[in-house]
1. Work through the residues other than LEU335 whose Cβ is under 15 Å from its Cβ and net out their charges, Lys, Arg +1 and Asp, Glu -1.
2. If you place +1 on the Cβ of every Lys and Arg, -1 on the Cβ of every Asp and Glu, and leave all else neutral, what size is the dipole of the chain about its Cα centre, to the nearest 20 Debye?
3. So if each residue of separation counts as 0.36 nm, and I subtract the Cα-Cα distance between GLU331 and ASP44, what length gain in nm does that give?
4. Identify, among HIS281, ASN318, PHE250, the residue whose Cα sits farthest towards the positive end of the charge dipole of the stretch 229-368, taking +1 on the Cβ of Lys and Arg and -1 on the Cβ of Asp and Glu, with the dipole about the Cα centre.
5. Suppose R0 equals 25 Å. What FRET efficiency, 1/(1 + (r/R0)^6) with r the Cβ-Cβ distance, do ALA301 and VAL79 give to the nearest 0.05?
6. Set the Förster radius R0 to 51 Å, insert the Cβ-Cβ distance between GLU315 and ASN259 as r into 1/(1 + (r/R0)^6), and round the FRET efficiency to 0.05.
7. So for the pair LYS22, GLU360, with labels modelled 7 Å out along Cα→Cβ, what separation do we get in nm?
8. Peptides 74-83, 5-14: what's the order by average Cβ count within 10 Å, highest mean first?
Amino acid sequence: MYDYLIVGSGLSGAVFAHEAIKKGKRCLVLEKRNHIGGNVYCEDVEDIRVHRYGAHIFHTDNESVWRYVTELVPFNHFVNSPVANYRGKLYNLPFNMNTFYQMWGLTSPIEAKARLETETAGYTGKPKNLEEQALSLVGRDLYETLVKGYTEKQWGRPCVELPAFIIKRLPVRFTFDNNYFSNRFQGIPAEGYTALVKKLLKGADIRLNTDFLDDKEEYSALADKIVYTGTIDSYFGYKHGWLEYRSLRFETETLDEENHQGVAVMNYTAAEIPYTRIIEHKHFENGRQAKTVVTREYPEAWQPGLEPYYPVNDEKNNTLYIQYKEDAAKEKNVLFLGRLARYAYYDMDQAIVSVLETAEKELRMGEY
Ligand SMILES: Cc1cc2nc3c(=O)[nH]c(=O)nc-3n(C[C@H](O)[C@H](O)[C@H](O)COP(=O)(O)OP(=O)(O)OC[C@H]3O[C@@H](n4cnc5c(N)ncnc54)[C@H](O)[C@@H]3O)c2cc1C
């Protein structure tokens, strides 16, 4: 008999397992895929660690989370500096002095500030949609070159039909700084994310290729308590309906070249290119291999059977989620954790913080 049956070996399930094992609990992890790690899983191709489910860059302001992961495995000093490709012309991101130079030939922050003020001057009043919001933040040139096509591909809808709140801010910097994130800590596990998850799961029994929902009752009988990190609607047999997601399709190719695009992430911002970005995985780790592996990322409408990547947190889906959340509160022996069970987009650090908070309460309770 186990203390905990953990459904899902992603970061959330693995962090819970790690905390429980530290307290002497016995854990069994069920994973329906043929590998551990959930969406942070990396697989080796040509000695290059390929981020199978999309580029993952660890970035956080939370010092204790940074300490938590870096005490488990070493991290490198990767800094995400994506480049945007619009019809063959390249621009640095996020919007900074390099971008303003590339876009308008401006070389001083004073000129750039004045130009942005002129660009946005005509767009006042409460924006009614994402297009109006973006125009009021950065003006037409930056919006049409770097925001419009990319966002429409991402969401599968014209920006005028998307709500303004999707883009709360478009960070603008008046320095020559291409670091996409402004967090205190940033990097990639030097041995890849799978090594991190392996460390977290040390001491747990793991069954791969095992879907908990295939025999909920039999598996539930194996432990005192369940930690469930799968989709919440599937746990309840979709009884209130399906929660919607945006999905992605990845097209990965090994190229007989040493360096294909010179950067880990290149965004394709024109509408006529069907993918949103090309990832060249070796650049996450400063790779020196003879070949390279690239992945084109195509956003897709989600339908049952496809991987659920991004929750569509609109009113309709959030209302549906609340019904499932109420059901979940009644399941006394089950903890619902992680991005799928909480129907929320979590960056890795947020996923870890959320699990640590729950684990702290849960495991402390168990001590009395
Ligand atoms: C494309 C993309 C890019 C991202 N990039 C970043 C980034 O750069 N930086 C960042 O901080 N975060 C990023 N994230 C977020 C990051 O992926 C999540 O924070 C993290 O994966 C959350 O882990 P999780 O364990 O909650 O979920 P998951 O990783 O989805 O793990 C859930 C696991 O449960 C398993 N499972 C589900 N149902 C069952 C079942 N019934 N039986 C058995 N097993 C089951 C699944 O197979 C999966 O392995 C990105 C997310 C996406 C989608």
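1. Summing Lys/Arg as +1 and Asp/Glu as -1 gives +2.
2. The calculated dipole for the chain is roughly 600 debye.
3. Full extension of this stretch gives 99.4 nm more.
4. Of the listed residues, the answer is ASN318.
5. It comes out at approximately 0.15.
6. So, using R0 = 51 Å, E works out to roughly 0.65.
7. Using points 7 Å along Cα→Cβ, the separation is 1.1 nm.
8. Result, highest mean Cβ count within 10 Å first: 5-14, 74-83.
Any read-out appearing in this document is the output of simple, stated calculations on the displayed coordinates, not a laboratory observation. Predicted model, so just to flag it, every value in this text is computed and none were measured. Cβ: placed from backbone, ideal geometry, glycine included. Neighbour counts: every protein chain shown.
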